[in-house]
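Reading through the structure tokens given below for one structure.
The values are calculated or read from the model by the stated rules, or taken from the named source; none is laboratory data. Since the model is a prediction, treat every value here as computed from it, not as a measurement. Positions of Cβ are generated from backbone atoms using ideal geometry, with glycine treated the same way; all protein chains shown enter the neighbour counts.
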């Protein structure tokens, strides 16, 4: 279960939201589980019941953040407590964009089965969350399409037994809380179809594996872009001497990300239009995309999202670091995963700001709270988010719009296409 029911009167102009990617076996993103909360303060209020509050939060997320923007057009997996299913709250979202997750503590009643059957008739897809077989669940198993297993909550033998029961109902198998590549590989052998967790951020480091020469060149260019002495003219020259970069920059400035009135046909005009800060960020992102060309798209998307979130936090935390430094912090935070190398080995050749290295290597130093808050919010770890906000004197209500901007930036990583 990942939905935090609100326990306060909420600010209806804000919707706290995080998302976790759900992958296919080929590491393409199938959808996102959305994690909601109305706010971060821990006090109870009898003024609003949890089901109504959760419904309003979900509705706000639809209209304030934009469901299609948050999920990139993929399926949104959303937890629906029993009371919400009985109130038809799922109709707030279209059947084409939603997977309705039925929580593990559901009580199977005639009313629930009737309401679920009605949703199936409307085209909604059901997933049974944190599944453990009980005979009374069989009518729901007949209606569901997906069954989710918490792989950390049981032994491998128990998991195999549960999977065997689920297979009788022709259900797609989704493993959640997958934390290592070893788990991922074993689950694939067991026949799982979908995977959720942070396994892609914990690579197996092979000491014999080296970085290919072409990627070393991109890494060196990435290093140059973090050097303040690399000025606008040098960056413009870099783009103008690389046909691929020049072409992609023209596509970028003519995309929805810029919404220019007249098509930009000149490379010089494109370079002038984006400005120094944006050009530096764009070339950095391009170098990162070349480094990650054999990795899941989600890694690059998450790198850009983290970069923009960290950059936004630099504005909320005056004096903690420049916008450029905090952007770089987020952008480089998955380099070890992308290159499948130890972060220390990678940073040795980049000559970065020592504060950046501290935060990336050990999670310490002046910049560490920026990355810590970014990761906590990204994962929907609301209690930790609240603690970090209090420690940093950050207003938690400033975070939802910052997420919206960050997700939008990540959605444009392929130049608005």
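Take the conditions assigned by TED's automatic domain parsing to the domain that holds residue 195, at pLDDT 95 or above and either out of contact with any helix residue (DSSP H, G or I) (no Cβ under 7 Å at 6 or more places or on another chain) or more than 15 Å from residue 86 (Cβ to Cβ) (or both) and apply them to residue 147. Does it pass?
yes
Every residue, every condition in (1) touching a helix residue (DSSP H, G or I) at 6+ places or on another chain (Cβ under 8 Å); (2) within 17 Å of residue 366 (Cα to Cα), yes or no:
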| position | (1), (2) |
| --- | --- |
| 280 | yes, no |
| 319 | no, yes |
| 323 | yes, yes |
| 327 | yes, yes |
| 336 | yes, no |
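Is it the case that residue 175 is in contact (Cβ under 8 Å) with a residue 40 or more places away in the chain, closer than 22 Å to residue 24 by Cα and surrounded by 19 or more Cβ atoms within 10 Å (Cβ to Cβ)?
So residue 175 fails the test.
If you take the residues of the stretch 393-417 that are over 15 Å from residue 370 (Cβ atoms), outside any helix (DSSP H, G or I) and in contact with a helix residue (DSSP H, G or I) (Cβ under 6 Å, 6 or more places away or on another chain), which of them is modelled with the highest pLDDT?
For the stretch 393-417, the residue satisfying everything is 413.
Return the only residue of 47, 18 being at pLDDT below 75, under 30 Å from residue 387 (Cα atoms) and outside any helix (DSSP H, G or I).
47
Would you mention how many residues in the stretch 97-121 are within 29 Å of the chain's Cα centre (by Cα) and part of a loop (DSSP other than H, G, I, E, B)?
5
Considering only residues that are in contact (Cβ under 8 Å) with a residue 24 or more places away in the chain and within 16 Å of residue 35 (Cα to Cα), look in the stretch 382-395 and name the one that is surrounded by the fewest Cβ atoms within 10 Å (Cβ to Cβ).
Filtering first and then ranking leaves 386.
Yes/no matrix, rows are residues, columns are (1) surrounded by 21 or more Cβ atoms within 10 Å (Cβ to Cβ); (2) assigned by TED's automatic domain parsing to the domain that holds residue 372; (3) closer than 23 Å to residue 19 by Cβ:
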| residue | (1), (2), (3) |
| --- | --- |
| 283 | yes, yes, no |
| 290 | no, yes, no |
| 294 | no, yes, no |
| 300 | yes, yes, yes |
| 305 | yes, yes, yes |
| 317 | no, yes, no |
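Could you tell me which numbered condition residue 372 fails, if it satisfies all but one of (1) farther than 22 Å from residue 283 by Cβ; (2) surrounded by 15 or more Cβ atoms within 10 Å (Cβ to Cβ); (3) free of Cβ contacts under 8 Å to residues at least 60 places away in the same chain; (4) over 19 Å from the mean Cα position of the chain (by Cα)?
Checking residue 372 against (1) farther than 22 Å from residue 283 by Cβ; (2) surrounded by 15 or more Cβ atoms within 10 Å (Cβ to Cβ); (3) free of Cβ contacts under 8 Å to residues at least 60 places away in the same chain; (4) over 19 Å from the mean Cα position of the chain (by Cα), the one that fails is (4).
What are the residues in the stretch 179-208 that are at pLDDT 85 or above and touching a strand residue (DSSP E or B) at 6+ places or on another chain (Cβ under 9 Å), if any?
183, 184, 187, 188, 190, 191, 192, 193, 194, 195, 196, 197
I'd like to check which helices (runs of 4 or more DSSP H) are fully inside the stretch 255-356 and have at least 3 residues that are without any contact (Cβ under 8 Å) to a residue 40 or more places away in the chain and within 20 Å of residue 244 (Cβ to Cβ).
Correct list: 267-291.
Please work out if residue 341 is at pLDDT 90 or above and surrounded by 15 or more Cβ atoms within 10 Å (Cβ to Cβ).
So residue 341 does not fit the description; no.
What are the residues in the stretch 152-172 that are assigned to a loop (DSSP other than H, G, I, E, B) and either surrounded by fewer than 20 Cβ atoms within 10 Å (Cβ to Cβ) or modelled with pLDDT of 95 or more (or both), if any?
152, 153, 154, 155, 168, 169, 170
For the stretch 113-131, which residues satisfy the criterion of being farther than 18 Å from residue 31 by Cα and either outside the structural domain of residue 167 (by TED's automatic domain parsing) or in contact with a strand residue (DSSP E or B) (Cβ under 9 Å, 6 or more places away or on another chain) (or both)?
Those that are farther than 18 Å from residue 31 by Cα and either outside the structural domain of residue 167 (by TED's automatic domain parsing) or in contact with a strand residue (DSSP E or B) (Cβ under 9 Å, 6 or more places away or on another chain) (or both): 116, 119, 120, 131.
Please verify whether residue 359 is surrounded by 17 or more Cβ atoms within 10 Å (Cβ to Cβ) and either assigned to a loop (DSSP other than H, G, I, E, B) or at pLDDT 85 or above (or both), treating the condition exactly as stated.
So residue 359 fits the description; yes.
Identify, please: which residue in the stretch 119-132 is surrounded by fewer than 15 Cβ atoms within 10 Å (Cβ to Cβ) and in contact (Cβ under 8 Å) with a residue 24 or more places away in the chain and is, among those, farthest from residue 76 (Cα to Cα)?
Looking at residues that are surrounded by fewer than 15 Cβ atoms within 10 Å (Cβ to Cβ) and in contact (Cβ under 8 Å) with a residue 24 or more places away in the chain, I get 132.
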